[in-house]
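Asks: Here it is, the structure, as structure tokens.
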Amino acid sequence: MNASRRKMLAGLTGGAGLVAAARIASKYGLVPPDSGGIYGPGETLTYATQRLLTAHHSMAREFSRSEISKALPVNGPPPASDIYERLQAGRFADWRLRVDGLVERPQLLSLAELKRWPLASQITMHTCEEGWSAIVEWTGVTLGQALRAAGVKAGAKYVVFFPFDSDAFGVESIDMDDAWHPQTLLAYGMNGRELPDEHGAPVRLRVARQMGYKSVKYLARIWVTDSLGGVRKELGHKPPEFGYAWYAGI
Ligand SMILES: Nc1nc2c(c(=O)[nH]1)N[C@H]1C(S)=C(S)[C@@H](COP(=O)(O)O)O[C@H]1N2
Ligand SMILES: [Mo]
């Protein structure tokens, strides 16, 4: 860490007080989109401190195959969506992942196409805010590969993920730092098999450095944007008042 970063970090964490820390963070552009409201200064401190400490691409811990958990609990009911049920009945042959927004070449990606791309895999800990965790092997492609195919335009700041159960779950979003991170995957495989339907088939997001609720299942669309525009829904499936910070780093 260079001297100015160290100074910033000292200012952020050195008992300057939450509001003063939020002001320092804002000066350096380290403000998360849920920085407003009574939880805002706390959320800003968490995000800014994390981003300064974990220089760009620090990696989440990886485990060995023998450490994979026996079972991964399922969180969330399957999408109550006719479109999803039809795609599922056809084993997702007609599923296309839309990638659009601030991109040069909007994409409609099939599962077959994703499977032709270079394989990325990881054995990492999935942690749910409800108090359980499990070590899982995820297989798929990096989100970065899809972003490169689409060609992200200058000014992009966030990637928003729309699932087939967005009416119930809402949407989730991450910043470009996590979007380009090598452990951020579009996963179509789990523990050496096809991703089971209840775990988000055909493709789910895997964000290794954040809590489980950021790893959106049943992906339908990926939207690149320069602003979350104060649209409450796009800040996460539940607001920080309920314990779901937009930045859920672990
Ligand atoms: N689309 C969608 N994604 C989701 C959820 C959901 O209900 N719908 N639940 C989230 C939560 S809270 C967790 S902990 C993980 C659970 O993943 P799993 O069911 O594969 O264990 O998925 C996350 N992604
Ligand atoms: Mo969760």
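Residue-by-condition table, conditions (1) at pLDDT 80 or above; (2) farther than 23 Å from VAL224 by Cβ; (3) among the hydrophobic types (A, V, I, L, M, F, W, C):
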position	(1), (2), (3)
GLY15	no, yes, no
LEU30	yes, no, yes
ALA55	no, yes, yes
ARG65	yes, yes, no
GLU85	yes, yes, no
ASP100	yes, no, no
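Asks: Residues in region 204-230 that are charged (D, E, K, R) and either assigned to a loop (DSSP other than H, G, I, E, B) or over 25 Å from SER58 (Cβ atoms) (or both): how many?
Replies: If we filter region 204-230 for residues that are charged (D, E, K, R), which is where we start, we get 204, 206, 209, 214, 217, 221, 226.
Still in the list and also either assigned to a loop (DSSP other than H, G, I, E, B) or over 25 Å from SER58 (Cβ atoms) (or both): 209, 217, 221, 226.
Looking only at that region, the number is 4.
Asks: Among the residues of region 155-173, what is the count of those that are within 15 Å of the chain's Cα centre (by Cα) and away from ligand 1 (no atom under 16 Å from the Cβ)?
Replies: The total comes to 2.
Per-residue answers, yes or no, for (1) buried (at least 19 other Cβ atoms within 10 Å of the Cβ); (2) in contact with a strand residue (DSSP E or B) (Cβ under 6 Å, 6 or more places away or on another chain):
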residue	(1), (2)
TYR84	yes, no
LYS115	no, no
GLU129	no, no
PHE164	yes, yes
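Asks: Looking at region 206-224 only, could you name the residues that are under 19 Å from TYR247 (Cβ atoms), more than 8 Å from ligand 1 (Cβ to nearest atom) and of a type outside the set (A, V, I, L, M)?
Replies: Matches in region 206-224: ARG206, ARG209, GLN210, TRP223.
Asks: Identify, by number, the condition in (1) crowded, with 17+ Cβ neighbours inside 10 Å; (2) within 16 Å of ligand 2 (Cβ to nearest atom); (3) at pLDDT 95 or above that LEU185 doesn't meet.
Replies: LEU185 satisfies all of (1) crowded, with 17+ Cβ neighbours inside 10 Å; (2) within 16 Å of ligand 2 (Cβ to nearest atom); (3) at pLDDT 95 or above except (2).
Asks: What are the residues in region 44-76 that are in a loop (DSSP other than H, G, I, E, B), of a type in the set (Val, Ile, Thr) and away from ligand 1 (no atom under 16 Å from the Cβ), if any?
Replies: Narrowing region 44-76 to residues in a loop (DSSP other than H, G, I, E, B): 54-64, 68-76.
Right, trim to of a type in the set (Val, Ile, Thr) and you get 54, 68, 74.
Once the filter is applied, which keeps residues that are in a loop (DSSP other than H, G, I, E, B), of a type in the set (Val, Ile, Thr) and away from ligand 1 (no atom under 16 Å from the Cβ), region 44-76 yields only THR54.
Asks: How about region 97-154: which of its residues are basic (Lys, Arg) and either in contact with a helix residue (DSSP H, G or I) (Cβ under 9 Å, 6 or more places away or on another chain) or within 16 Å of ligand 1 (Cβ to nearest atom) (or both)? Before the answer, list the steps.
Replies: At the first step, the residues of region 97-154 found to be basic (Lys, Arg) are 98, 105, 115-116, 148, 153.
If the condition is that a residue be basic (Lys, Arg) and either in contact with a helix residue (DSSP H, G or I) (Cβ under 9 Å, 6 or more places away or on another chain) or within 16 Å of ligand 1 (Cβ to nearest atom) (or both), then ARG98, ARG105 are the ones that fit.
Asks: What number of residues in region 188-207 are within 16 Å of ligand 2 (Cβ to nearest atom), small (Gly, Ala, Ser) and surrounded by fewer than 22 Cβ atoms within 10 Å (Cβ to Cβ)?
Replies: Summing the residues that are within 16 Å of ligand 2 (Cβ to nearest atom), small (Gly, Ala, Ser) and surrounded by fewer than 22 Cβ atoms within 10 Å (Cβ to Cβ) in region 188-207 gives 0.
Asks: For the structure I just gave you, tell me whether PHE169 is at pLDDT below 90 and either more than 15 Å from ligand 2 (Cβ to nearest atom) or out of contact with any helix residue (DSSP H, G or I) (no Cβ under 7 Å at 6 or more places or on another chain) (or both). Break it down stepwise before answering.
Replies: Details: at pLDDT below 90: yes; either more than 15 Å from ligand 2 (Cβ to nearest atom) or out of contact with any helix residue (DSSP H, G or I) (no Cβ under 7 Å at 6 or more places or on another chain) (or both): yes.
It is true that PHE169 is at pLDDT below 90 and either more than 15 Å from ligand 2 (Cβ to nearest atom) or out of contact with any helix residue (DSSP H, G or I) (no Cβ under 7 Å at 6 or more places or on another chain) (or both).
Asks: In addition: Residues that are in contact (Cβ under 8 Å) with a residue 60 or more places away in the chain, among the basic types (Lys, Arg) and surrounded by 15 or more Cβ atoms within 10 Å (Cβ to Cβ): does region 95-113 have at least one? It would help to see each step written out before you state the result.
Replies: Going through region 95-113, the residues in contact (Cβ under 8 Å) with a residue 60 or more places away in the chain turn out to be 95, 97-103, 111.
Now restrict to residues that are among the basic types (Lys, Arg): 98.
Next cut, surrounded by 15 or more Cβ atoms within 10 Å (Cβ to Cβ) only: 98.
Within region 95-113, one or more residues are in contact (Cβ under 8 Å) with a residue 60 or more places away in the chain, among the basic types (Lys, Arg) and surrounded by 15 or more Cβ atoms within 10 Å (Cβ to Cβ).
Asks: So which residues in region 166-182 are surrounded by fewer than 17 Cβ atoms within 10 Å (Cβ to Cβ) and without any contact (Cβ under 8 Å) to a residue 60 or more places away in the chain, if there are any at all? Steps first, answer last, please.
Replies: Step one: filter region 166-182 for residues surrounded by fewer than 17 Cβ atoms within 10 Å (Cβ to Cβ), giving 167-168, 176-177, 182.
If the condition is that a residue be surrounded by fewer than 17 Cβ atoms within 10 Å (Cβ to Cβ) and without any contact (Cβ under 8 Å) to a residue 60 or more places away in the chain, then MET176 is the only one that fits.
Asks: Separate question: Based on this model, can you work out whether GLU62 counts as under 18 Å from THR127 (Cα atoms) and either out of contact with any helix residue (DSSP H, G or I) (no Cβ under 7 Å at 6 or more places or on another chain) or in contact (Cβ under 8 Å) with a residue 40 or more places away in the chain (or both)?
Replies: Working: under 18 Å from THR127 (Cα atoms): yes; either out of contact with any helix residue (DSSP H, G or I) (no Cβ under 7 Å at 6 or more places or on another chain) or in contact (Cβ under 8 Å) with a residue 40 or more places away in the chain (or both): yes.
In short, yes.
The values are calculated or read from the model by the stated rules, or taken from the named source; none is laboratory data. Please read these numbers as outputs of a predicted model, since none were measured by experiment. Cβ atoms come from the backbone with ideal geometry, glycine included; neighbour counts cover every protein chain shown.
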